[in-house]
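What follows is one structure encoded as structure tokens, with my remarks underneath.
The values are calculated or read from the model by the stated rules, or taken from the named source; none is laboratory data. Just so we're clear, the structure is a prediction, and the values are computed from it rather than from any experiment. Using ideal geometry, Cβ is built from the backbone for each residue, glycine included, and neighbour counts are taken over all protein chains shown. Accessible surface is based on the protein model in full, side chains and every heavy atom, while ligands, DNA and RNA are left aside. Shrake-Rupley method; radii C 1.70, N 1.55, O 1.52, S 1.80 Å.
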Amino acid sequence: MQCLFFFWGGVNSWRVAMIFFVHAIGADEIYEKNKDKLSEDYLKYVDGYCQGVNAFAKAHPDRVLLKKAFPVKPKDIIKAYIISFAALSGTIG
């Protein structure tokens, strides 16, 4: 997930640990396997959220700390939810 990992300069243990975690839980596979199960209403909600975040970033570039994260796409947000839930719940795979 590019928006989470590839902004930090150089390789450090935090970055390596996060990349390992994303691969260990299979975030990409979980997203691809389940994306068609998401309701149209939910996808519209996430798309609207992305439009708002991207509009803010465009209007206020001085407030954007991770410029490579933009534009944010619904896939980025949903995968971030998968990663966050797995981290909080202790679920792997």
Every residue from region 35-60 that is more than 14 Å from residue 77 (Cβ to Cβ) and either open to solvent by 100 Å² or more (accessible area, probe 1.4 Å) or at pLDDT below 95 (or both): 36, 37, 40, 41, 58
Restricting region 7-34 to residues that are under 21 Å from residue 88 (Cβ atoms) and acidic (Asp, Glu), the residue that is modelled with the lowest pLDDT: 28
